[in-house]
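Notes to accompany the following structure.
Each reported figure results from applying straightforward, stated rules to the coordinates on display, with no laboratory input. Just so it is clear, the model here is predicted, and its values are computed rather than measured. Cβ: placed from backbone, ideal geometry, glycine included. Neighbour counts: every protein chain shown.
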Amino acid sequence: MVIKKLVIGPLQENCYIVADEMSDQSIVIDPGDEPDRVIELIKDSGLHVSSVILTHAHFDHIGAAGDIKKATGAKILVHEGDMELYKGVRDQASFWGYDVEDLPEPDGFLNEGDEVRVGDMLFQVLHTPGHSPGGICLYGEGVVFSGDTIFQGSVGRTDFYGGDMMQLKESFKRIISLPDDTVILSGHGPETTVGREKEENFFVGEL
């Protein structure tokens, strides 16, 4: 497995390109901005992108999804619970003072228990609402792509539209129940591990 991380956009969001080294099959997770950088890396690496996976539909995670689809032919996949946010991406961005174009309709929906295959690698979809109604994590191969559900030492906000503190607590508990050596690759900030967050994340004390 090859994971390439790009920190993009004014909100310093983490976009991940996940590739199977043997087959050059890949997915893009949360392309929020700077599509030219993402596309250049895909082309320079000789990758075939099968899908764009959106952990949730806040504008800083999805703003470049349409451009990636246009350049690669990849399918855009999101949880149906975030469709209201997805369709309102332009208004979301405008509220924060940014300009984002409307996105094409997604090509499919991600649900709890779905599997995403990348070459010989397999990832499971975990529905983890709280930061947004349709938030998901992608778990497999010793890593979990957590979107904005959990960060190193912190968690996602719940004061945005559709946020829910009780749901976030359940989602957080679900993530820290994964094996301690699972690497957490979140939507902002550095990577961490489940074991570290059990010991150091302030949110443990809120459960």
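Worth pointing out:
- Amide N proximity, segment 185-207 versus Asp164 label position 7 Å along Cα-to-Cβ, cut-off under 19 Å: 207
- Within straight-line reach of Lys169, meaning a Cα separation under 15 Å, sit the following aspartates and glutamates at least 8 residues removed in sequence or on another chain: Asp148, Asp159, Glu197, Glu206.
- Choice from Ser51, Ser132, Ser154 showing the highest fluctuation, given a GNM over the chain with Cα pairs closer than 10 Å: Ser154
- Take every DSSP beta bridge whose two residues both sit in segment 2-206; close to 65 percent of them are antiparallel.
- Calculated FRET efficiency for the pair Ser154/Arg90, C-beta based, R₀ 35 Å, to 0.05: 0.80
- If the segment from Glu191 to Lys5 were pulled out straight at 0.36 nm per residue, it would be longer than the present Cα-Cα gap by 65.9 nm.
- Stokes-Einstein D in µm²/s, Kirkwood radius over Cα pairs - segment 141-191 at 25 °C with 0.890 mPa s viscosity: 216
- Cross-link reach list, lysines versus Lys173, counting only Cα pairs under 16 Å and skipping chain neighbours closer than eight places: Lys198
- Computed helical MRE - 222 nm, the chain, DSSP H runs ≥ 4 contributing -39500 (n - 2.57), nearest 500: -6500 deg cm²/dmol
- Cross-link partners of Lys70 among lysines, defined as those whose alpha carbon lies under 22 angstrom from its own and excluding same-chain residues fewer than eight positions apart: Lys4, Lys5, Lys43, Lys87.
- Scattering profile of segment 2-206 at q = 0.08, 0.10, 0.12 Å⁻¹ [log10 I(q)/I(0), Debye over alpha-carbon scatterers]: -0.23, -0.37, -0.54
- For the chain, built as a Gaussian network whose Cα springs stay under 10 Å, the top-fluctuating residue of Glu40, Glu112, Glu84: Glu40
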